[in-house]
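The values are calculated or read from the model by the stated rules, or taken from the named source; none is laboratory data. Quick caveat: nothing in here was measured; it's all calculated off a predicted structure. When we count neighbours, we look across all protein chains shown, and the Cβ atoms used for this are built from the backbone with ideal geometry, even at glycine. For accessibility, only protein heavy atoms count, side chains too; no ligands or nucleic acids. Shrake-Rupley method; radii C 1.70, N 1.55, O 1.52, S 1.80 Å.
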Amino acid sequence: MHKYDKDRALVDRQILTDRQGEVMDRPGRVGDKSFYIESYGCQMNFADSEIVASILADIGYSATASMDSADLILINTCSIREKAEDTVRKRLRIFDKAKRRRPGTLVGVLGCMAERLKKKFLEEERLVDMVVGPDAYRDLPALLASAEEGQKGINVLLSREETYADVAPVRLNSNGVSAFISIMRGCDNMCSFCVVPFTRGRERSRDPYSVIAEASQLYEQGYKEVTLLGQNVDSYQWSHEESGESVNFARLLGLVADIGPDLRVRFSTSHPKDITDEVLHTIAAYRNICDYIHLPVQSGSSRILSRMNRTYDREWYMERVESIYRIIPDCAISSDIITGFCGETEEEHRETLSMVEWAGYTMSYMFYYSERPGTLAARKYEDDVDLATKKRRLAEVIDLQRTVSHQHNLRDVGKTMEILLEGRSKKSDRHWKGRNSQNKIVIMPMMDGYAIGDYVDVKISDTTSATLLGDIIQKSQYSS
Ligand code: SF4
């Protein structure tokens, strides 16, 4: 065991640690080369960076937090909005300076922007040595070997099979308590505003037994929470060619929850057209499957939902929300919302506002429409809502969501709830941060006799629109 050495830590503190933060060596996997990685975008991208770290560890690369001491600089990119791509270009300017300071340093671009731009990236960005798409990370060792010979490399082939099921992720940015597990890749939906089907390819579900093995290993290592990841987890469907055994999302949830009563199970992202009552009843049947569902609505207007090709309308969505609250009364729902989509009228904007109020979301990711090249919307519709209107509508949705979140939190004041201690509060090192089953952040004063990873019963005394405040009463029945 080493003394914790910050220079070996990845940006975002993403190194292999146990709960005490001690660095753990993977026997025979740490070599004399180092890589520095920055990850952007969705949880899938952060989970992919852990796959990349594992593939690199197998060829002797270990992680560093210092860009200036790295042999390899990587950026795992997002392409969901123009702003996300602007961020990548700004980071490349910084990497360029690092490369000039340390000639021989290699630079690689990974993820959705790499997949969207392909070889254009090599043409536009001279400092880039490798462009690697989300399904081509196994090719990194070969691309690196060529790049070390001065040969720039690219692999942006999308796959219909690749799930990296046999690659044991290197846990990055880990608090030793919660971890992501990707259960599927790609997306078969074709929402008209979205680049994901073009950057991550067709849907494929991972072997459930490799998911269970990964979750069991985490549980044995002391992790207390896993989040099952997919662009649309509700369409998870795996079947065994010979035995004909098939596993859908509801069954997979149950199989993971059976690993241990004190292993919390979360998942993201759900799709309103595919979420079934079977999934809802499975959540209700397991105390350790969290009462929280992220259910993107995108718009409250059926006409706009049809233009977005979301394949459900306002009524269908509301029926799903009613079913969630009927089957799991304490469930919290969060959402994704886009304002100012092509052709959106003021009246349709008000339908989105009324949906936020009616659904009672605990929080939402809210953005104004950003046209993405190559998408159905970019080809079919004029981006005709002016920027000022997009921003004004976004501000109105954010304001309303803040009020709705606060009302939801106010109903929790006075309650006692089970919290999983995850780490220190960002704002005070004399306070802990944790979350309840509804995925709400709770801040409480530190107390002796408790530690990160404990389940504790907390009495909620106050709240803001984003955070609950409370005091630890005792260890909960599930605390080890
Ligand atoms: S469900 Fe729609 S928005 Fe989500 S990743 Fe798939 S295409 Fe994109």
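Using only alpha-carbon positions in the range 31-155, the gyration tensor eigenvalues give semi-axes of 19, 16, 14 Å once each is multiplied by 5 and square-rooted (largest first).
With a simple spin-label model that places each label point 7 Å from the Cα along the Cα-to-Cβ direction, the separation between D336 and I94 comes to 2.5 nm.
Within the range 185-253, the trypsin sites (Lys or Arg not before Pro) that combine a DSSP coil assignment with at most 16 other C-beta atoms in a 10 angstrom radius are R202. Averaging 1/r across all pairs of distinct Cα atoms in the range 341-480 and inverting the result yields a Kirkwood radius of 17.5 Å.
Working value for the range 294-411: equivalent-ellipsoid semi-axes of 25, 16, 11 Å, each the square root of 5 times a Cα gyration tensor eigenvalue, largest first. For the range 101-219, the alpha-carbon radius of gyration amounts to 1.21 times the rule-of-thumb value 2.2 N^0.38 Å expected for a compact globular protein.
Solvent-accessible area of the chain (1.4 angstrom probe, protein heavy atoms only): carbon and sulfur portion equals 51 percent. Evaluating 6.51 cos²θ - 1.76 cosθ + 1.60 at θ = phi - 60° for every residue in the range 370-375, the Karplus couplings come out as 10, 5, 10, x, x, 7 Hz, glycine and proline recorded as x.
With both labels modelled 7 Å from their Cα along Cα-to-Cβ, the L255 to A466 distance reads 3.8 nm.
In this structure the amide hydrogen of S182, modeled in the peptide plane, comes within under 5 Å of the amide hydrogens of L229, none closer than 5 places in sequence on its chain. Using only the alpha-carbon atoms of the range 182-252 as identical scatterers, what base-10 log of I(q)/I(0) does the Debye formula give at q = 0.16, 0.19 Å⁻¹? The computed values of log10 I(q)/I(0) come out as -0.64, -0.82. Fully extending the segment from K152 to W316 would add 54.1 nm, taking 0.36 nm per residue of separation and subtracting the current Cα-Cα distance. If r is the Cβ-Cβ distance from E357 to K380 and R0 is 35 Å, what FRET efficiency results, to the nearest 0.05? Here the calculated transfer efficiency is 0.70.
Kirkwood radius and radius of gyration were both taken over the C-alpha atoms of the chain, and their ratio Rg/Rh is 0.96. For the range 426-480 versus the range 139-212, the spacing of their alpha-carbon centroids is 34 Å. Using alpha carbons only, how many angstrom separate the centre of the range 103-128 from the centre of the range 298-356? Answer, in whole Å: 37. The orientation-averaged projected area of the convex hull spanned by the Cα atoms of the range 50-117 comes to 5.0 nm². For the range 354-438, applying the loop criterion from DSSP together with a ceiling of 15 other beta carbons within 10 Å to the trypsin sites (Lys or Arg not before Pro) yields R411, K415, K426, K427, R430. A helix-only calculation puts the chain at -10000 deg cm²/dmol for mean residue ellipticity at 222 nm, using -39500 (n - 2.57) for each DSSP H run of at least four residues, averaged over all residues.
For the Cα trace of the range 416-475, dividing Rg by the Kirkwood Rh returns an Rg/Rh value of 0.90.
Per residue, the chain exposes 43 Å² of solvent-accessible protein surface, assessed with a 1.4 angstrom probe and all protein chains in place. Taking square-rooted eigenvalues a ≥ b ≥ c of the alpha carbon gyration tensor, is the range 237-366 rounded, prolate or oblate, where a/c under 1.5 means rounded and, failing that, a/b exceeding b/c means prolate? In terms of gyration-tensor shape, prolate.
Which residue, N189, Q43, N248, has the largest displacement toward the positive end of the dipole of the chain when charges sit on each Cβ (Lys, Arg +1; Asp, Glu -1)? The listed residue farthest towards the positive side: Q43. What the Cβ-Cβ distance of T276 and R102 gives, at R0 = 56 Å and to the nearest 0.05, is a FRET efficiency of 0.60.
At a Förster distance of 56 Å, what's the computed FRET efficiency of E346 paired with A145, Cβ-Cβ distance as r, to 0.05? Given R0 = 56 Å and the Cβ-Cβ separation, E is 0.45. Shown here is the pair-distance distribution of the range 325-377: with all Cα-Cα distances grouped in 5 Å bins from zero up to the longest one, the shares run 4, 16, 22, 20, 16, 11, 7, 3, 1 percent. For S34, the amide hydrogen comes within under 5 Å of the amide hydrogens of S62, D71, L72, counting only partners 5 or more places away or on other chains and with H modelled in the peptide plane.
The loop-placed GluC sites (Glu not before Pro) in the range 98-159, going by DSSP, that have at most 16 neighbouring Cβ atoms within 10 Å of their Cβ come out as E149.
Based on the Kirkwood approach, the hydrodynamic radius assigned to the range 282-322 is 11.7 Å, with every pair of different Cα atoms included. By the Cβ distance rule of under 4.7 Å, the chain has these cysteines without a partner: C42, C78, C112, C187, C290, C331, C342. Computed with every protein chain present, the accessible area of D234 is close to 20 Å² [probe 1.4 Å].
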